[in-house]
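What follows is one structure encoded as C-alpha cells, with my remarks underneath.
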Amino acid sequence: MTLRLSHILFTACLLLAGNANVFAADKPLLLAGKQSLYQRVLAIPGAQLHQTPKSTGTATTPFTAYYVYARTKVGTQEWLNVGTDRFGDKKGWLKSDDTIEWNQGLTVAFRDPAYQDRALLFKDAKSLEDVAQDRSLKNYERLYSEATAGKTRKSSPVAAIQPAEKLDIQDDFYLVPIQKHKDIYVGNQQARMLEVASVPLRDAEPKKTSDYRAGLVFAIDSTLSMDPYINRTREAVRKIYGSLESANLLGNVNFGLVAFRDNPDAAPGLEYLTRTYVDLKEGSDPQAFMTQVESLKAASASSQGFKEDAYAGLKEAIDKMSWEGNAARYLVLVTDAGPRDKTDPLSSTGLSAEQLKHLAREKGIAIFVLHLLTPATKADHANAAKTYKDLSEFPGIGSLYYGVSTGDVNRFGRVLDTLAGQITMQVQMGGAMAPQQNTAQTNDAQLASLQQKVSKLGYALRMRYLQDTTSGKTPRIFNAWVLDRDLRNPEMPSLDVQVLLTRDQLSDLHDILKQVLNTAEEGLLSPSNFLNELKSLAATVTRDASQLGETTATTAGTGNSLADLGFMREYIDDLPYTGEVMGLSLEEWDAWPASDQIDFLHRLEAKINYYRALHDHTDLWVSLDGGPVDGDSVFPIAIEMLP
C-alpha cells in the first residue's frame, strides 16, 4: 500500500567517516573533509536520551537537533554523545539507530499539487530512471493513477506519493534534504534524481472551519492627488464591514492599512516614507479601523519624477503586520506610480521585485496590484506595469495585477469592491465553492480574469487550510528517489530547491558578499587594481579563523573565480546546483562591458539586501531544539537566492 507523506519531516542520511571513542571532546566532531561544519543529528520519534550508553533513557522531543561530540560502539550498537549546541553543553547519549545524520542541508520543497502532478517517490534509482526515460509516459500514467487512487501494488516501484494537500513550511516545518543525486536527461531537458530519507512528523490538531480567517492589508500611495482613491478604499472597507456584521462574521476578515510616499530627504514636504495606520489586530473592529484612517490624507507636496517607493510600503506591511492567525493573507498595492527598484538611488529597501516577492511568499502572502494608469504618469505606464505584473505573480495562479484605465475612480471602486467582496464571500461560504463558480458577471475582461484568479487562489488556500491536518501512517525511516522535473512537462520543476542555512551562516554570507560588492564597485573605477584587491580580500577572508564557515580553498589569492579564490563557504560548497556569483570567472568579468558589470553588481546587491531582510525576520526562523531563535536557528533559502 502506498505510504502517505502527510505532514512529514524529510532529512538526509549522509554517511560520516570515522569512529570516535567513548570519551567526548569539548567540541563537536567535524564532518569529513570540513574545517568548520560539525556533525549533527536529528532525534526521530521514540528516541530516548541516556546518561550513559545502555542506561535507562528518557524520551526526547522528536526532531531535536543535536551536535555529535563522540561516537562509540557497545556490542553491535553505535552510541552518540550529543549536545544541543556547539559550545560543549553535552546532554547525554543516543542510539545512532534513533537518529538521522544531518549535513549542511541541500533540501527541496514540494510544489503545490493544485497546479501540477504530485511527485512520485520511488524505491530505487533504477526504477525512477526507467520511468523518466520512457517518453511514451504509459508506465508513468499507470503508476501515477494507482498511487493517486491509493491502490499501489506491493510489486510497484513507487514507495510513496506527495500529499494531495500543500505542505506549507511556515505552518508545519519540514525538510526534504538530498542524500544523493544523479544527473539524467528527460527528453532534451537536464534533470536530477534526488534521494531523500523521511520520518513521520507529529500529527497536527484538527482545525475548526469556523476558525478560518483572512487578512486583507492595503498598501496605499498617499502622495499628491491620491485623496479620491483613499476615500474610495475607506468606502469599500465600510461596505465589507457591513456585510460581515450581517453574517455575524466580524473578526473573520481583518483589515490593515499602510500608507507610503517617497524618500523625504529628496522631497521634505512628503513628511514620511511609510506609516502604518491600522494593524490587522486593530482591523477586526470597524470603529477602530475607521477612526485610525480618518487622518489619512494625500501629501500636499510632490515627489521626484514618476516613481514612488512602493516597495517600502509593501515591505512595511510584510514585516510589521500581525499576519499570524490568518490562513489567507492578501496584500493589495494601490498606486499610480512606478516603484523604486533596487537600482534606484532613492530606494529605501534595495530590493528587486523578485526579492520582495520571495519575502511575501515566505510569509504566505499574495500580492495584488491595482495600478492607476493616470495621464500624469503615462510615460512610465509600460515599465511600471511590467514590474508590477512580475511582483504580483503567484505560483500556479498567474499575475494578480489590474491596470485601471485613465485612473478612473469609479472603475477603481468597482474593482476594489469586487476584489474585497470576493475574498469576504469565500470566508462567508466556508470555502465550499469550487474555483471560478463564484465570479460575478462583468463586461470587463480584465476584471473577469482577475476574479477567476482570486477564486482559484481562495479555493486553493481554503483547501490547504482544511486538508493540512490530514495524517497518514509511515514507517520510522525510509529512503526514496524523486525527480526534480515534471515528467509531463520536463521544462517545469516539480520541486523547489532550497539550502538549509543557520541564521549565523546567512549573516556570514551577507558580510562576505558585502565585502566582495564593495571591492567590485571600487574596481569599476580602477579596473587595473580590481584583481589584486579581490585577491587581497580573499587572503584576508581565508585567514580569519573566527569566520563561522571557513572556505575550502587550499590557497588564498589563486584561481579564476570567486569560489577558486576562497570566497566559497563550506555550507554552500559541494552543492549540485550552483549560482552565478561564485561561478563567475574573472576572465569573463574582465571581458564584460561596463553595463553588464553594473547589472551583475545590482543583482548581487539585491541578494545581499534580501539576506539582511530575511535575517531580521525572526518569525521565519525555526529552532530545531524548540528553543528561542538564535544563531543556530534555520531557514530553507531558495537556491536561486544563493550566490
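The values are calculated or read from the model by the stated rules, or taken from the named source; none is laboratory data. These figures come from a predicted structure and were not determined experimentally. Using ideal geometry, Cβ is built from the backbone for each residue, glycine included, and neighbour counts are taken over all protein chains shown.
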Every pair of residues 6+ apart whose Cβ atoms lie under 7 Å, when the first sits in the range 121-136 and is surrounded by fewer than 20 Cβ atoms within 10 Å (Cβ to Cβ) while the second is acidic (Asp, Glu) and assigned to a loop (DSSP other than H, G, I, E, B): none
List the residue pairs whose Cβ atoms are under 6 Å apart, where the first residue sits in the range 219-248 and is over 26 Å from ASN263 (Cα atoms), the second is in a helix (DSSP H, G or I) and of a type in the set (Val, Ile, Thr), and the two are 6 or more positions apart or on different chains. ILE240/THR424
What are the residues in the range 21-53 that are modelled with pLDDT under 75, closer than 15 Å to GLU78 by Cα and either touching a Phe, Trp or Tyr at 6+ places or on another chain (Cβ under 9 Å) or among the polar types (S, T, N, Q) (or both), if any? ASN21, VAL22, ALA24
Pull up the range 37-78, narrow it to residues that are in contact with a helix residue (DSSP H, G or I) (Cβ under 7 Å, 6 or more places away or on another chain) and crowded, with 17+ Cβ neighbours inside 10 Å, then point me to the one that is farthest from LEU500 (Cα to Cα). ALA47
Within the range 153-180, of all residues that are part of a strand (DSSP E or B) and over 15 Å from ASP496 (Cα atoms), the one modelled with the highest pLDDT is VAL158
Check whether at least one residue in the range 497-511 is of a type in the set (Gly, Ala, Ser), closer than 13 Å to LYS607 by Cα, in contact (Cβ under 8 Å) with a residue 12 or more places away in the chain and not in a strand (DSSP E or B), and report yes or no. yes
Condition first: modelled with pLDDT under 90, over 24 Å from the mean Cα position of the chain (by Cα) and in a helix (DSSP H, G or I). Can you find one or more residues in the range 451-470 that meet it? yes
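If you take the residues of the range 613-640 that are part of a helix (DSSP H, G or I) and surrounded by fewer than 15 Cβ atoms within 10 Å (Cβ to Cβ), which of them is modelled with the highest pLDDT?
The initial filter retains those residues of the range 613-640 that are part of a helix (DSSP H, G or I), namely 613-616, 618-620, 639-640.
Still in the list and also surrounded by fewer than 15 Cβ atoms within 10 Å (Cβ to Cβ): 616, 618-619, 640.
On the way: ASP616: 88, THR618: 83, ASP619: 81, GLU640: 76.
Among those residues, the one meeting the criterion is ASP616.
Within the range 295-306, is there a residue that is buried (at least 20 other Cβ atoms within 10 Å of the Cβ), in the same structural domain as LEU250 (by TED's automatic domain parsing), in contact (Cβ under 8 Å) with a residue 60 or more places away in the chain and in a helix (DSSP H, G or I)?
No.
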Could you check the range 245-266 and list, in sequence order, the residues that are buried (at least 20 other Cβ atoms within 10 Å of the Cβ) and either under 26 Å from the mean Cα position of the chain (by Cα) or within 17 Å of VAL217 (Cα to Cα) (or both)? VAL253, ASN254, PHE255, GLY256, LEU257, VAL258, ALA259, PHE260, ARG261
Residue check for ASP341: under 13 Å from LYS315 (Cα atoms) and either under 20 Å from the mean Cα position of the chain (by Cα) or of a type in the set (D, E, K, R) (or both): yes
What about VAL217, is it modelled with pLDDT under 90 and buried (at least 21 other Cβ atoms within 10 Å of the Cβ)? no
Test result for GLY350, over 14 Å from ALA613 (Cα atoms) and assigned by TED's automatic domain parsing to the domain that holds VAL217: no
Can you name the strands (runs of 3 or more DSSP E) wholly within the range 325-425 that have at least 2 residues being without any contact (Cβ under 8 Å) to a residue 60 or more places away in the chain and crowded, with 21+ Cβ neighbours inside 10 Å? 365-373, 401-405
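A quick yes/no check of all residues on (1) in a strand (DSSP E or B); (2) charged (D, E, K, R); (3) at pLDDT 90 or above; (4) assigned by TED's automatic domain parsing to the domain that holds ALA420:
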site	(1), (2), (3), (4)
ARG232	no, yes, yes, yes
PHE255	yes, no, yes, yes
GLY269	no, no, no, yes
TYR272	no, no, yes, yes
